[in-house]
């Protein structure tokens with residue numbers, strides 16, 4: 001049997017997790033077909049994105065986690081260089097400099113850093129696992145801070161917050177003292193006015209429009225209102241696939257990417273949303289379960305951090321389209337159209353599967 | 001830290017985080033439940049409003065026709081260039097862009113901003129109206145260059161007779177804030193969504209409800225770019241009703257022509273039903289100027305003119321009736337059995353008040369000799385009526401004057417009618433807090449003093465001499481159902497004694513016979529005209545001064561008045577004429593009346 005190549009290829013795949021993923025990807029494609037108003041070009045691209053992501057997932061699941069450990073600092077350095085590259089040679093879109101053009105596709109390094117920071121931090125704590133103290137934590141903070149500041153300057157507030165939280169989760173799980181968390185939390189609270197004044201005007205407006213979206217229906221709050229109308233008018237059962245007026249009549253912006261959840265909510269209603277929530281929850285729960293089964297610090301920390309990154313991406317996207325938080329540019333993992341997001345999300349799952357499969361390989 | 005301790009530590013913290021996940025998922029789900037289930041109806045209607053657009057379809061206004069179907073007010077298809085005020089297009093750029101197609105003048109720009117300030121519903125607004133075919137063609141050919149300028153075609157009101165009949169036809173103007181307030185009060189505002197114009201004067205104003213009609217609408221589904229996806233529902237408008245007036249435009253033209261350059265008013269009625277057959281107020285104006293808001297130059301010219309062309313003299317012009325009041329005064333005397341023929345006086349050219357030395361002159365030096373009531377009307381003997389008035393007294397006179405409609409609106413279907421004035425002791429006390437002198441009674445009896453009438457009142461009063469229908473009322477509209485209205489005092493014309501009336505009519509028929517004050521107009525007619533001339537003083541003569549028409553400037557000359565009906569036996573036409581500063585009634589107003597009678601009685605019928 002071992003000679004049978006497909007079996008060997010898939011032997012590391014967790015079947016439960018993969019089934020859930022495929023179900024979610026299918027729902028995503030169905031929603032995208034309606035959201036893009038049957039743009040088959042775009043759907044074709046998304047299928048290619050999924051295939052690339054799946055390929056990477058399978059490859060990563062086969063890789064020995066020791067290699068992750070070995071390459072973590074290099075990946076981190078490459079990510080930093082890419083971010084620098086963005087700052088100098090990146091191209092602008094929608095007023096922010098987030099992309100660089102590599103040969104035939106546009107790469108968003110801030111998505112890649114979502115993987116490299118957890119790896120780097122896990123590497124750090126794994127390496128010093130027997131003498132974790134305030135020095136380790138300080139170093140960890142520094143590793144986290146550098147890319148965050150660079151992303152903040154793009155400017156991409158959403159991703160910066162997401163990444164720093166994911167990093168913080170690792171530091172938290174690695175045993176940062178609760179006293180320190182309490183004190184620094186208080187410190188951040190005191191620094192809020194200063195941070196506020198450092199935000200771009202449009203970022204301030206987004207936060208303000210969250211407090212009262214009606215104050216400027218055609219300005220900053222417009223997207224938020226249209227999105228809430230889309231979800232709200234979907235009702236309990238939804239308007240049916242491709243019957244969402246908000247979507248089909250273009251009242252909703254960015255239907256294929258950031259606002260795809262609103263499209264889903266409008267067309268499939270509350271019932272559909274509960275379904276999606278259950279699938280997401282199961283995926284995350286399965287990952288947490290796998291993390292608990294792991295045997296070493298490195299694996300646990302990475303898995304927990306990646307799970308949290310996935311979770312917070314889901315949260316940030318759904319919270320913004322349902323009007324809970326400001327509109328920030330954040331795709332919905334596994335569903336939104338977009339190559340980088342899809343590939344990176346699937347890669348994360350691939351890493352987790354590898355860590356889970358090889359859980360006994362990395363001995364302490 | 002050993003592995004076991006770390007694992008314990010790690011698991012605890014991981015579970016804690018997972019608890020937070022669940023908590024946050026729950027918050028998200030609650031928020032979505034709130035949006036989709038609790039607030040579903042709100043968002044559902046918001047979604048519908050997003051895509052539903054109602055476009056009003058304005059009704060086409062009814063036409064105004066004369067009795068023979070001649071068009072007095074119609075709707076013409078016009079092309080306009082319009083801007084969307086929401087887009088805040090720079091007017092200077094628009095002006096420049098259009099240089100080669102049509103010239104946008106300063107006046108156009110001014111008018112646009114005025115229209116913008118008064119615009120009552122959101123739509124595009126005209127920057128240039130009445131484009132020629134060439135201009136339209138040029139614009140269409142270059143349309144792609146001007147995405148923010150829209151070519152629209154719509155029906156615009158047009159008055160083909162221009163100055164002719166302007167006062168009774170009236171005109172439309174753009175709906176302003178005052179109109180909106182009024183329409184809202186009348187709960188009519190919804191009917192005007194999509195309409196720019198509303199009747200402001202004349203029949204256009206009075207019959208606004210019938211002429212306007214009811215708007216329809218199109219319910220459209222639009223996308224976020226306002227592009228129409230489909231038509232959900234179309235409700236056709238109910239167009240305005242065409243209305244036919246009693247006016248006989250041929251007679252109207254004759255009347256206007258007969259007036260020539262004189263100022264004044266003329267109204268001709270059918271005595272049998274009160275139908276207004278001709279209606280002249282001179283000088284006149286071109287109603288077409290008003291349709292889209294009159295420009296300043298024209299407005300100043302019309303409004304500041306000494307000749308007051310904008311005043312509708314037939315219903316708003318107040319004139320002392322002069323001797324045209326005498327037939328009614330005489331009737332009052334007969335009803336009170338005063339001076340009934342064969343009673344007569346010897347007129348020496350003046351009247352002396354009883355118990356006073358004060359005298360009142362007759363218009364004819366030396367007097368008319370022996371005068372009875374009939375001759376007094378025919379020759380308009382002042383001396384006879386001074387005495388009659390003093391004997392009769394004001395209260396008894398006023399009873400008859402009121403019965404004939406003096407001092408009260410006729411309720412003609414034309415707006416802004418004035419009620420005129422019948423003076424009395426009580427009125428003077430209240431108004432001036434002054435005593436009434438007997439001398440004032442004497443001059444009131446010859447139509448001078450405080451009494452004021454409108455031409456339409458004079459015409460109606462004359463018609464009432466012939467027709468004793470209590471409900472007789474002048475009206476413009478042909479198919480006319482008198483709405484309920486009440487005179488302030490009950491009027492009962494059936495109380496008129498036929499013998500008395502015949503005496504008055506005999507006097508009036510003699511006016512156009514030899515010796516009468518308008519004898520010359522009766523000489524050449526094939527039918528009998530009954531009439532009464534009148535002269536109203538504009539300029540008070542000082543004691544001892546002699547009125548010499550040739551020496552006075554035009555505007556101080558007396559007003560000439562004339563009331564008449566013909567044929568005398570079976571009257572078919574009644575009219576009242578006032579020629580401002582026309583001098584003596586018989587000589588200027590009389591010939592005008594004759595031309596109108598000739599046209600109506602000889603040619604038209």
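In terms of other Cβ atoms within 10 Å, A:200, B:225 run from fewest to most in the order B:225, A:200.
If the segment from residue B:469 to residue B:57 were pulled out straight at 0.36 nm per residue, it would be longer than the present Cα-Cα gap by 143.8 nm. Averaged over residues, the count of other Cβ atoms within 10 Å places the peptides B:503-515, A:168-180, B:589-601 in the sequence B:589-601, B:503-515, A:168-180, highest first. PRE reach from residue B:12 (point 7 Å along Cα→Cβ): which of the range A:131-168 fall under 18 Å by backbone N? So the set is A:132-133. Over the range B:54-244, what is the relative contact order in whole percent, taking alpha-carbon pairs under 8 Å and six or more residues apart? RCO, the range B:54-244: 35 percent. Peptide A:269-277 has a mean of 3 when you count, residue by residue, the C-beta atoms of other protein chains within 10 Å of its C-beta. For the pair residue B:391 and residue B:116, label points projected 7 Å from Cα toward Cβ lie 7.5 nm apart. At full extension, residue B:209 and residue B:497 could sit 99.5 nm farther apart than now, given 0.36 nm per residue minus the alpha carbon distance. Relative to the first principal axis of the alpha-carbon coordinates of chain B, what is the inclination of helix B:382-392, with its axis defined by its Cα atoms, in degrees from 0 to 90 and to the nearest 10? Helix B:382-392 sits roughly 80 degrees off the main axis of chain B. Inter-part distance, the range B:242-280 to the range B:567-590, computed on C-alpha centroids, equals 13 Å. Peptide packing for B:156-164, A:242-250 was compared via the average number of neighbouring C-beta atoms within 10 Å per residue; ordered from the highest value, the list is A:242-250, B:156-164. Counting Cβ atoms of other protein chains within 10 Å of each Cβ in B:40-46 and taking the mean gives 6. Here r is the Cβ-Cβ distance between residue B:91 and residue B:223 and R0 is 30 Å; the resulting FRET efficiency, rounded to 0.05, is 0.50. Label-point separation (nm) for residue B:430 and residue B:450, each offset 7 Å from Cα along Cα-to-Cβ? Each label point is offset 7 Å from its Cα along the Cβ direction, giving 1.0 nm. First check a/c for the protein assembly as shown, with a ≥ b ≥ c the square roots of the eigenvalues of its C-alpha gyration tensor; if it is under 1.5, answer rounded, and if not, answer prolate when a/b is larger than b/c or oblate otherwise. Verdict is prolate for the protein assembly as shown. Between residue B:569 and residue B:437, what FRET efficiency comes out of the Förster formula 1/(1 + (r/R0)^6) with R0 = 60 Å and r the beta carbon distance, rounded to 0.05? E(calc), rounded to 0.05, equals 0.90.
Short-range pairs are left out: with C-alpha atoms under 8 Å and at least six residues apart, the relative contact order of the range A:5-357 is 28 percent. Here r is the Cβ-Cβ distance between residue B:357 and residue B:537 and R0 is 22 Å; the resulting FRET efficiency, rounded to 0.05, is 0.40. One Cα centroid belongs to the range B:321-336, the other to the range B:9-57; the line between them spans 89 Å. Inter-label distance, residue A:285 to residue B:595: 10.4 nm, where each label sits 7 Å from its Cα along the C-beta direction. Assuming a ≥ b ≥ c are the square roots of the Cα gyration tensor eigenvalues, decide whether the range A:5-357 counts as rounded (a/c under 1.5), prolate (otherwise, with a/b larger than b/c) or oblate. Oblate shape, in that a/c is at least 1.5 and b/c is the bigger or equal ratio. Taking the average, over residues, of other Cβ atoms within 10 Å as the packing measure, peptides B:437-448, A:302-313, B:516-527, A:253-264 rank A:302-313, A:253-264, B:437-448, B:516-527 from highest down. Looking at chain B, the DSSP beta bridges with both ends there are about 95 percent antiparallel. Decide, for the range B:249-604, between rounded, prolate and oblate: order the square roots of the alpha carbon gyration tensor eigenvalues as a ≥ b ≥ c, take rounded if a/c falls under 1.5, and otherwise choose prolate if a/b is larger than b/c, else oblate. It is rounded, given that a/c, with a ≥ b ≥ c, falls under 1.5. With the helix formula -39500 (n - 2.57) applied to DSSP H stretches of n ≥ 4, the protein assembly as shown reaches a computed 222 nm mean residue ellipticity of -15500 deg cm²/dmol. For the residues of B:12-19, the average number of beta carbons from a partner chain within 10 Å of their own beta carbon is 5.
Throughout, read-outs are computed from the coordinates displayed, never taken from laboratory work. None of these values were measured; they are calculated from a predicted model. Positions of Cβ are generated from backbone atoms using ideal geometry, with glycine treated the same way; all protein chains shown enter the neighbour counts.
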